[in-house]
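Chemist: There's a structure below that I have some questions on.
The values are calculated or read from the model by the stated rules, or taken from the named source; none is laboratory data. Computed from a predicted structure; not experimentally measured. Here the Cβ positions follow ideal geometry from the backbone for every residue, glycine too, while neighbour counts run over all protein chains shown.
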Amino acid sequence: MNNPARSLSLNATRRFATAWFLLQSLIAAPLVGMQPVHAQEAEEPKITYGQLLDKLDQGEVERVELDNLRGVANVRIKGDEEDAPLQQVTLFANDVYNQRLLQKLRSSDVEYEVLERSDNSALTGLAVNALLALIVVFALLMILRRSANSANGAMNFGRSRARFQMEAKTGVMFDDVAGIEEAKEELQEVVIFLKNPEKFTAIGARIPKGVLLVGQPGTGKTLLAKAIAGEAGVPFFSISGSEFVEMFVGVGASRVRDLFKKAKENSPCIVFIDEIDAVGRQRGAGIGGGNDEREQTLNQLLTEMDGFEGNSGIIVIAATNRPDVLDAALLRPGRFDRQITVDLPSYNGRLGILEVHARDKKIADDVNLDAIARRTPGFSGAQLANLLNEAAILTARRRKDSVTMEEIDDAIDRLTIGLTLTPLLDSKKKRLIAYHEVGHALVSTMLTHSDPLAKVTIIPRSGGVGGFASYLPKEDRVDDGLISYAELIDRITMALGGRAAEEIVFGSDEVTQGAANDIQQVTNIARQMITRFGMSELGSFAMEAPSSAVFLGRSDLMQRSEYSEEMAAKIDQRVRDIAMTAYEKARSMLKNNRSLLDRLVDRLVEKETIDGNEFRDIVSEYVTLPATSQ
């Protein structure tokens, strides 16, 4: 069998030889022109050698310049003008004739001069040859290097692409990870085992071979894995699940073997596989069969994690946000023994994350991180980091020295609502939007179980948002996720406040489609109250399952209805009753406080943005606010 590297070297040698001969032929042509003129005439002479001798005998020559290097004599004839060019005479190559010419010049008493010039033609040719030789050698080295790299690439195609990092390169410790304290406590055991495994082995305990981190994107799964390696001070192998799979059969399995081989050589260590769902999906899923290469890679991964040979000291940590599509064999005890859910941070977690990311930023003294944490429920750690970064960018753009609450508020609105557009001119459209948004804000402020108002604005945003009213979620509901029946009803009533204000002020013929999203939200909440939460007279039982993505190979590919047509009609009627009752309540609240509504709209049109405290101060002059709204 031929060696590919040897064949490439032979081809490169042949190419070098051909190029050398071509260059030599190119070099030879210019050097011919560098030869003295006595070998080939440069131009047609004006007088001959014999005529020169005759003119010397007749005394017609005034001056002669002998250029032996070029093989010519430059002659000035008596009577020629001073600025006239010298006439050129070609000399013979034979030195006897040249000596005769010199004797003739001396005997004729003619002024003559022998020009002394160095012959640089040989040096010039040598320099050109050397330069071209260097160019050829450099090109040959580049060809050989490329050939060697191609051969090595072909031999190393199945090797693992895992990035190898030591403690100093991870640069992440547990102190740098905030907001996921429960997950950190679960993983403390892994760090202790890597540092002091005898503590577990002495009583017969074994550390889990694999830990699966499950959570939404941006919750800090990769950061947590790096923190484990940083705390334990062990090698850290990082690779993505998609890097195992290639178009060539067998490459993925080869890379898995090579990865675990490197890990064994550097044990104890941590192997981190990010986005493991790219290679760990259920085998045999899909119409027409699955990807054989991916399934072979998964089989090899399963074997390495629970094979005949123990991987002592190797802990595999994987991360995914799609645990429902993973193969059951991958999740069984002995492979990924432990699943740790990395949830979105609670209020305390968000506050800790903000404190971590605020370390390297110039934050003004009046910035309240506690208020920011309350305003950002549902934000992941990555989103909170991006929030402070956007605020810092706005600060630099506005040429301020430190980040203030104004930049942070604008950054929150930019990330949640959209970019700020040019404010509307004072027109009917602007007042209509103002009445719509004040309708939301006023109804929510007067309700007992609604969230406190943060601000209301009519400055348009990208995406067709003409204005919005934002709220501060209650701390207890953010942390435990529990919402009562009264809170859901108030949320529906508040959502319908905008449409109710439009109808009261402009009439039913002038209402707009601006309430489309509000109506959709009302319908979704009311339907879930009936079909999922059991909050109606129809009964406390679930008639619909939570909606989830459908994956090929699952039994729920074709979902069926879980209730009859008669029950569907009752559900629709009950949804309508809830929505209409809430709408009439919102309409009654606004109609009974029309003067307050008009005053708030005038104020909003003037300022374009009213914060929650100012809004509540105005409302408190007309009505008594509930304790929860203050």
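Chemist: So is SER462 modelled with pLDDT under 90, more than 41 Å from the chain's Cα centre (by Cα) and either closer than 24 Å to LYS591 by Cα or not hydrophobic (A, V, I, L, M, F, W, C) (or both) or not?
Modeler: No.
Chemist: Look at ALA454 and say whether it is crowded, with 24+ Cβ neighbours inside 10 Å and outside any loop (DSSP other than H, G, I, E, B).
Modeler: Values: crowded, with 24+ Cβ neighbours inside 10 Å: no; outside any loop (DSSP other than H, G, I, E, B): yes.
Taking the combined requirement at face value, the residue does not satisfy it.
Chemist: Is it fair to say TYR583 is at pLDDT below 85, in the same structural domain as PRO460 (by TED's automatic domain parsing) and surrounded by 13 or more Cβ atoms within 10 Å (Cβ to Cβ)?
Modeler: Here the answer is no, as TYR583 does not meet what is asked.
Chemist: Another question, if that's okay. Given segment 219-336, what helices (runs of 4 or more DSSP H) lie entirely inside it while holding 2 or more residues that are modelled with pLDDT of 75 or more and more than 28 Å from the chain's Cα centre (by Cα)?
Modeler: Filter on segment 219-336 gives 251-265, 292-305, 328-331.
Chemist: Name, by its number, the condition in (1) in contact (Cβ under 8 Å) with a residue 40 or more places away in the chain; (2) hydrophobic (A, V, I, L, M, F, W, C); (3) assigned to a strand (DSSP E or B) that does not hold for VAL443.
Modeler: Evaluating VAL443 over (1) in contact (Cβ under 8 Å) with a residue 40 or more places away in the chain; (2) hydrophobic (A, V, I, L, M, F, W, C); (3) assigned to a strand (DSSP E or B) leaves (3) as the failure.
Chemist: Within segment 110-117, identify whether any single residue is assigned to a loop (DSSP other than H, G, I, E, B), basic (Lys, Arg) and at pLDDT below 75, and answer yes or no.
Modeler: Within segment 110-117 (the criterion being assigned to a loop (DSSP other than H, G, I, E, B), basic (Lys, Arg) and at pLDDT below 75), the answer is yes, since at least one residue qualifies.
Chemist: Here's a check for you: in segment 358-414, which residue that is part of a loop (DSSP other than H, G, I, E, B) and of a type in the set (A, V, I, L, M, F, W, C) is nearest to SER470 (Cα to Cα)?
Modeler: PHE379
Chemist: Still on this structure, please answer the following. Being buried (at least 16 other Cβ atoms within 10 Å of the Cβ) and modelled with pLDDT of 75 or more is true for just one of ALA162, ALA151, ALA130, ALA183. Which residue is that?
Modeler: None of the other options fit; the residue is ALA183.
Chemist: Scan ASP327, ASP366 and give me the residue that is exposed (fewer than 15 other Cβ atoms within 10 Å of the Cβ), out of contact with any His (no Cβ under 7 Å at 6 or more places or on another chain) and either polar (S, T, N, Q) or on the phi < 0 side of the Ramachandran plot (or both).
Modeler: Numbers: ASP327 fails: exposed (fewer than 15 other Cβ atoms within 10 Å of the Cβ).
When all the criteria are applied, what remains is ASP366.
Chemist: Could you check PRO473 against (1) more than 15 Å from GLY612 (Cα to Cα); (2) in the same structural domain as VAL511 (by TED's automatic domain parsing) and say which number it fails?
Modeler: Among (1) more than 15 Å from GLY612 (Cα to Cα); (2) in the same structural domain as VAL511 (by TED's automatic domain parsing), the lone unmet condition for PRO473 is (1).
Chemist: Restricting attention to segment 405-428, which residues are without any contact (Cβ under 8 Å) to a residue 24 or more places away in the chain and of a type in the set (Lys, Arg)?
Modeler: Once the filter is applied, which keeps residues that are without any contact (Cβ under 8 Å) to a residue 24 or more places away in the chain and of a type in the set (Lys, Arg), segment 405-428 yields only LYS428.
Chemist: Given the conditions (1) assigned to a loop (DSSP other than H, G, I, E, B); (2) loosely packed, with under 14 Cβ neighbours inside 10 Å, which single one is not true for ILE459?
Modeler: Unmet condition: (2).
Chemist: Only one residue in MET494, MET529 is within 24 Å of ILE372 (Cα to Cα) and buried (at least 19 other Cβ atoms within 10 Å of the Cβ), so which one is that?
Modeler: None of the other options fit; the residue is MET494.
Chemist: Among the residues of segment 260-286, what is the count of those that are within 23 Å of ALA328 (Cβ to Cβ) and in contact (Cβ under 8 Å) with a residue 40 or more places away in the chain?
Modeler: Going through segment 260-286 one residue at a time, the tally reaches 15.
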